[in-house]
């Protein structure tokens, strides 16, 4: 153990850090999140969802069956009812800090597996540590394509990622085209840091693979205070579809500017983030009627699992569960399920169980078609739905079998 | 006087050697991060401390070094460390191009100009798609050969960083006692006065910047090798520069060991506060960090080096 000859030396703070000698009964899982910094709001929401998840796992919840790990007795049944415990770490939005976090969780807290870490850059560096130590790492929410292209043995990802989103939009547009609406002229507007750039790249590549050329691609700075040049450029291009890959304040600004300049394209799609932010709906909802969005989590009918989970989350936090939070929570549940199936806390056993994961849609608290990993560790059954802003909330509109409301096109905006 | 010098030296020696005798991987990693931060803070100290030219743009050098390392890996398939000499060469060019015009400015104007250059550099990198643009670049996922310098333990990194730091401190020590050291301190104390005494101020400021920039770039390359990922924010972000300034100021700018002392205090502090407070009460880590910096600025603005000097000279003088 970490008993060293350094006790004489300074840095008592470091020495005072929690050092658990033997893995006691509870199963400890490391959760790296953006608890402070730019993405703190998302990180804190994920933390609340993870607390809900541990509560569900550790206590009897037969009413939530067939959700995995919602049992009559509580705890991980194959491990003698062991409770799940989370060791939290804050990545502060920094790839270097995330790497320190992973090392600390593995070597000091002796976690049996890791999950996180929100920003793709943080997931990248922290999972590299897990790979070197041979500890399973499950990414529930990071969507950068290169994460699963590294040939890692210990890395798994449940969330849909860039190309999945691009495919969803193109499939949706193809379906809309069948109704006689023009959808061939696509404009992609994206903020210019990693999130916007990577999703836009996936969009352009996936479209090109289907022989569709993205007509306009406009990058902008999300911290800017004026987007009228971009909106005028869009207006001149007369696109059939505008896809926004934006954060919150900038997406609000776009809607306001579009109204001022009288630009109303027939189809408006917002890629999650900004368009999903509650403050977006509150401030520009009335002038963004008919805006489309994606989500992997739609509460649906009152007897569905998604609805029940959303109700529990709302009771705990006062908010509805959002897409990112749900993806992270589902990732954590899949990891816990694998540990339970492994019946062991040995890394090899957990990894084997993860490889063999084959969860049906009915066992999930999210709208994926299931969870099954390919050789790279990517979930092949990850899935999202198209939702549309109608009134003051988003409702699922496509694909039709999952829709609870009728798709309303063209984009109404403010009329 | 003798004793007062022996004490800190002995303490430093124990601290420096301790990671090699520790079996705690996290402690070793923190030690490596301390050494790395000490390299860039000590490099900054040459121009910012000795010559008194407070640069807020050193992230440019750090970023150039870090990007050079991962560019040679992504584009040429070479081990990242092979990019270090290129990063240093680029830093020398930048020193000349950026130094000559900005050295005409004094005091806050110089700081603001360097800040602007750093902000500009970050924007350029964000839009430079060849170097990964806004997304950044990653290092080798797994070690292809020992030259990739991918280790599970942080100890080899610590040893490398320590060696680089030793070379830098030795150079600084030599410089301190040479004509250049006197010139730089004269410039720091008062540029006009120095000039009136015949110190070729712009030439010597440039020398200092060349040395400072080169080692900061090397620190950037080493960072990229260890962390294995670089993006505009972690290479060119304003915090990179601020950290160098704060560490040097805390320990004592313009002293040989000041920046090292600053790194020894601040890096473990931020790592430990993140470890202890980070998960439970978010933001508390930042608060603790901020309070300590405020205390230093209020009670010993000359840095701990100044404090130590006063303390050892007049042992029993304590305010209130």
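Below are the figures for this structure:
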| item | result |
| --- | --- |
| Residue A:166 being in contact with a helix residue (DSSP H, G or I) (Cβ under 6 Å, 6 or more places away or on another chain) and farther than 24 Å from residue A:235 by Cβ | yes |
| Test result for residue B:62, within 14 Å of chain A (Cβ to nearest Cβ) and either closer than 28 Å to residue B:132 by Cβ or modelled with pLDDT of 95 or more (or both) | yes |
| Count - residues of the range A:122-162 that are free of Cβ contacts under 8 Å to residues at least 40 places away in the same chain, over 21 Å from residue A:200 (Cβ atoms) and crowded, with 24+ Cβ neighbours inside 10 Å | 6 |
| Residue match in the range A:58-77 (condition: within 30 Å of residue B:32 (Cα to Cα), outside the structural domain of residue A:201 (by TED's automatic domain parsing) and in contact (Cβ under 8 Å) with a residue 60 or more places away in the chain) | no |
| Candidates A:279, A:202, filtered to the one that is within 14 Å of another protein chain (Cβ to nearest Cβ) and either part of a helix (DSSP H, G or I) or touching a residue at least 12 places away in the same chain (Cβ under 8 Å) (or both) | A:202 |
| The range A:172-199 - residue that is assigned to a helix (DSSP H, G or I) and free of Cβ contacts under 8 Å to residues at least 60 places away in the same chain and, of those, farthest from the other protein chains (Cβ to nearest Cβ) | A:178 |
| Per-region count, the range A:147-156, residues part of a loop (DSSP other than H, G, I, E, B), within 10 Å of chain B (Cβ to nearest Cβ) and on the phi < 0 side of the Ramachandran plot | 3 |
| Neighbours by Cβ (under 7 Å, 6+ apart or cross-chain): first from the range A:27-41, in the same structural domain as residue A:277 (by TED's automatic domain parsing); second surrounded by 24 or more Cβ atoms within 10 Å (Cβ to Cβ) | none |
| Condition met for residue B:48 (over 21 Å from residue B:124 (Cα atoms) and free of Cβ contacts under 8 Å to residues at least 12 places away in the same chain) | no |
| Residue, nearest to residue A:99 (Cα to Cα), within the range B:19-59, restricted to residues that are surrounded by fewer than 24 Cβ atoms within 10 Å (Cβ to Cβ) and away from every other protein chain (no Cβ under 14 Å) | B:56 |
| Qualifying position, being at pLDDT 65 or above and more than 27 Å from the chain's Cα centre (by Cα), among B:298, B:318, B:313, B:309 | B:313 |
| Hey, residue B:155 more than 30 Å from residue A:194 (Cβ to Cβ), within 13 Å of chain A (Cβ to nearest Cβ) and touching a helix residue (DSSP H, G or I) at 6+ places or on another chain (Cβ under 6 Å) or not | yes |
| Any hit, the range B:103-111, residues being more than 14 Å from chain A (Cβ to nearest Cβ), at pLDDT below 95 and under 17 Å from the mean Cα position of the chain (by Cα) | yes |
| All positions within the range B:120-141 that are out of contact with any strand residue (DSSP E or B) (no Cβ under 7 Å at 6 or more places or on another chain), within 7 Å of another protein chain (Cβ to nearest Cβ) and closer than 14 Å to residue B:80 by Cβ | B:141 |
| Residue among B:218, B:209, B:171, B:162 that is crowded, with 22+ Cβ neighbours inside 10 Å, away from chain A (no Cβ under 14 Å), over 26 Å from residue B:74 (Cβ atoms) and touching a helix residue (DSSP H, G or I) at 6+ places or on another chain (Cβ under 8 Å) | B:209 |
| Lone qualifier among A:415, A:344 - being exposed (fewer than 15 other Cβ atoms within 10 Å of the Cβ) and in a loop (DSSP other than H, G, I, E, B) | A:415 |
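The values are calculated or read from the model by the stated rules, or taken from the named source; none is laboratory data. Because the structure is a prediction, the values reported are computed rather than measured. Cβ coordinates were reconstructed from backbone atoms using ideal geometry, including for glycine residues, and neighbour counts include every protein chain displayed.
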